[in-house]
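Inspection log for the structure reproduced underneath, given as structure tokens.
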Amino acid sequence: MPSARHHPISFSLDGKGYAVTGTNLSNQHTNTVFEYDPQTDSWTSLANFPGAARSFGIGVVANNKAYIGFGISTSQYLNDLWSYDPSDSSWTRLADCGCSGRRHPAMIAIGDRIM
């Protein structure tokens, strides 16, 4: 089971739950990735998220992939966007948002669009 995290990016995909990044008990931003399997009631530590360690980011699911981004890393607000493919546990960096960085943003997925 992962140690406690404050404001991780969380999402559900293919029947499993994910907790990505977040602030640990030492008040440090992390880039850890944990997968929860409700069939076995167990947590698995996956390879670290390749982007900046952060908390207060956001994640949504569309088209069998998770999309995460934004948040705060140290004292910098982020505007990056990433996709996660559970079929091979790969992360792909997408184009950064043309906006200023955001802490605690909101995104939704409607069909195959993320807004």
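The values are calculated or read from the model by the stated rules, or taken from the named source; none is laboratory data. Because the structure is a prediction, the values reported are computed rather than measured. Note that each Cβ is placed from the backbone with ideal geometry, even for glycine, and that neighbours are counted across all protein chains shown.
The residues in the range 4-44 that are in contact with a strand residue (DSSP E or B) (Cβ under 6 Å, 6 or more places away or on another chain), over 22 Å from His104 (Cα atoms) and of a type in the set (Ser, Thr, Tyr) can be counted, and the count is 2.
Identification of strands (runs of 3 or more DSSP E) wholly contained in the range 1-63 with 1 or more residues that are within 20 Å of Arg103 (Cα to Cα) yields 9-13, 16-23, 29-37, 58-62. Selection over the range 92-115 of residues that are farther than 10 Å from Asn79 by Cα and either touching a Cys at 6+ places or on another chain (Cβ under 6 Å) or not in a loop (DSSP other than H, G, I, E, B) (or both) gives a count of 6. When each of Ser83, Ser89 is tested for being closer than 26 Å to Gln28 by Cβ, among the hydroxyl-bearing types (Ser, Thr, Tyr) and under 12 Å from the mean Cα position of the chain (by Cα), the lone residue that passes is Ser83. Assessment of the range 40-63 against the conditions (of a type in the set (Phe, Trp, Tyr) and more than 20 Å from Ala4 (Cα to Cα)) yields no matching residue. Being touching a Gly at 6+ places or on another chain (Cβ under 6 Å), surrounded by 17 or more Cβ atoms within 10 Å (Cβ to Cβ) and without any contact (Cβ under 8 Å) to a residue 24 or more places away in the chain, is that true of even one residue in the range 47-61? No, the range 47-61 contains no residue that is touching a Gly at 6+ places or on another chain (Cβ under 6 Å), surrounded by 17 or more Cβ atoms within 10 Å (Cβ to Cβ) and without any contact (Cβ under 8 Å) to a residue 24 or more places away in the chain. Please state which one of Tyr36, Tyr67, Tyr84, Tyr77 is surrounded by 11 or more Cβ atoms within 10 Å (Cβ to Cβ), aromatic (Phe, Trp, Tyr) and more than 19 Å from Leu13 (Cα to Cα). Just one listed residue meets the conditions, Tyr77.
Out of the range 16-27, which residues are of a type outside the set (A, V, I, L, M, F, W, C), surrounded by fewer than 19 Cβ atoms within 10 Å (Cβ to Cβ) and modelled with pLDDT under 95? Once the filter is applied, which keeps residues that are of a type outside the set (A, V, I, L, M, F, W, C), surrounded by fewer than 19 Cβ atoms within 10 Å (Cβ to Cβ) and modelled with pLDDT under 95, the range 16-27 yields Asn24, Ser26, Asn27.
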